[in-house]
1. Would you pick out the residues in segment 325-360 that are polar (S, T, N, Q), crowded, with 19+ Cβ neighbours inside 10 Å and under 27 Å from the mean Cα position of the chain (by Cα)?
2. Which residue is nearest to Asp275 (Cα to Cα), if the candidates are limited to segment 84-108 and must be of a type in the set (D, E, K, R) and at pLDDT below 95?
3. Please determine, by comparing only the residues of segment 20-50 that are assigned by TED's automatic domain parsing to the domain that holds Met85, among the polar types (S, T, N, Q) and surrounded by 14 or more Cβ atoms within 10 Å (Cβ to Cβ), which one is modelled with the highest pLDDT.
4. So which residues in segment 240-271 are among the polar types (S, T, N, Q) and modelled with pLDDT under 90, if there are any at all?
5. Hey, among Leu176, Leu139, Leu162, Leu78, which residue is touching a residue at least 40 places away in the same chain (Cβ under 8 Å), farther than 22 Å from Phe58 by Cα and of a type in the set (A, V, I, L, M)?
6. When segment 369-382 is examined, which residues are found to be at pLDDT 85 or above and part of a helix (DSSP H, G or I)?
7. For segment 228-261, enumerate the residues that are without any contact (Cβ under 8 Å) to a residue 12 or more places away in the chain and over 20 Å from Ala197 (Cβ atoms).
8. Does any residue in segment 368-381 that is under 15 Å from Ser334 (Cβ atoms) come within less than 9 Å, Cβ to Cβ, of a residue that is in a helix (DSSP H, G or I) and β-branched (Val, Ile, Thr) six or more places away or on a different chain, and which pairs are these?
Amino acid sequence: MLRLFFILLIATLNLASCSKKSMDHEVSQKPSDEQLDAYCTYLNADSSLHDSTFLPVFYKRFKQFIAENKVDSASQILFWAGRNMASNFKYDTAFLRVAINFVNKYSSKVPDRYFSGIYHNVGVIYCDNGQYDSCSYYLNKGNIRPRDFYTYQNVADINYGLLFGHLNNGKLEQSLKSAYKALEMYEQQKDTTFLAACYSGIACIFRYQDDYAAAESYENQGLKIVRKAKDTTGILTVSLNRIDLYNQMQHPNLYPFIDSTVNIFKQWTQKIEDDKLAVNSWYAFRLVHDNKLEEAKKVLDEIKPISLKRSDGSSLDYYYNATSEYDVKVGKGSENIDFYLKKIPTLKENQDYLRLALYNQILHDDAYIKGNYKAALAYLEAAQIAQDSLNNKALRIRVKEFDRKYQTEKKEQQIELQKTELIQKNTFIALLVASIVGLIAAATAYYL
């Protein structure tokens, strides 16, 4: 009889835990850490990318796998090489052609993980080079239904990439939709760094419409998550975006917040060049404000070699913003005028309204200092046109409506989830009570 009780009890507990058990096996949950072989480890290492033999060695092995019809192996090394290049802002048109042609030709044979991952890498590389139409096109090609953790991770990252691909093109409604899709996926994974980054990205959407209250609210949500998790990487990511927001708002806490971010960065052990460029650019900006021009010049000279490796990106924008402030303060024209002038046609072609506004503003400041007021006015008008493309009233209303709709749906989903959990809990209690009553009845009958 005791054995019967345990059978009934275990069956009840198993029934009640079915929902939780199935959730533990969702594709969003990370399996045990992946062990890469020596060659893939080499392809994925930052230091390898600076090796002159990196691409020649890759191409040799890649062509060998193709000749042997080992599509899985070719996919794997193409993914890891591309991931390293995307992470380190390495733009190579020949590599991009190889990646795109390979997936097009072998699409039915490429595993989902590498199919989505290769397209993610291609899209990010195009995004970092300011080619936002190509960025969004290839990211969308990799936006497939995930059936395993690694594909799930790629698709989450793809939607995060689309947030900024659409944002830089002025497609704010599409950007917000991608942001919320990424947000949902990162919530499943409990990835605090990218959860915070998504909130920061949403803040950017509202910031570029001059809706600073909404922007600051989303920045606060992101910062709260990473601070609670003590996630240093996430804190730094959100802090840099928050500095940019404060600068645009002319917020009184701008300079104290720069100081606190610089202090965080000094204590951080996982420094990469892009973060060094971003943080030190804002530090130089702070020094210029304090009229510590010699110190500012020293900092800018130290990070200039890093800036020369970049063709686009927010860290480069921070650097040019700081150098422009320095040039204005010392009363001379910017040393980077040729760079801005050459970039303008490409930015127009790619509809990169964010940088069009920034670069035209810098050109305005330079022309004004030189006394060329006619040119200064033209650049100022161009900057305003670019800003207006991000800030039209109709678009602002649509973005607000979508944000409100999403928040409402999310609350409704939470309510439904709570109802489901309550039903499951009540079912468990009812079955447990029934089991105990049955056990008592059976025991009573046995002893009678």
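The values are calculated or read from the model by the stated rules, or taken from the named source; none is laboratory data. Quantities reported herein were computed from a predicted structural model and do not represent experimental measurements. Ideal geometry is used to build each Cβ from the backbone, glycine not excepted, and the neighbour counts take in all protein chains shown.
1. Within segment 325-360, Asn350, Asn360 qualify.
2. Here the answer is Lys90.
3. Ser48
4. Initially, segment 240-271 is screened for residues among the polar types (S, T, N, Q), giving 241, 247-248, 250, 253, 260-261, 263, 267, 269-270.
Within segment 240-271, Asn241, Asn247, Gln248, Gln250, Gln267, Thr269, Gln270 meet the criteria.
5. Unique residue meeting the criteria: Leu176.
6. Across segment 369-382, the qualifying residues are Tyr373, Lys374, Ala375, Ala376, Leu377, Ala378, Tyr379, Leu380, Glu381, Ala382.
7. Gln250, His251, Pro252, Asn253, Leu254, Pro256
8. Tyr368/Val328; Ile369/Val328; Ala376/Ile369; Tyr379/Ile362
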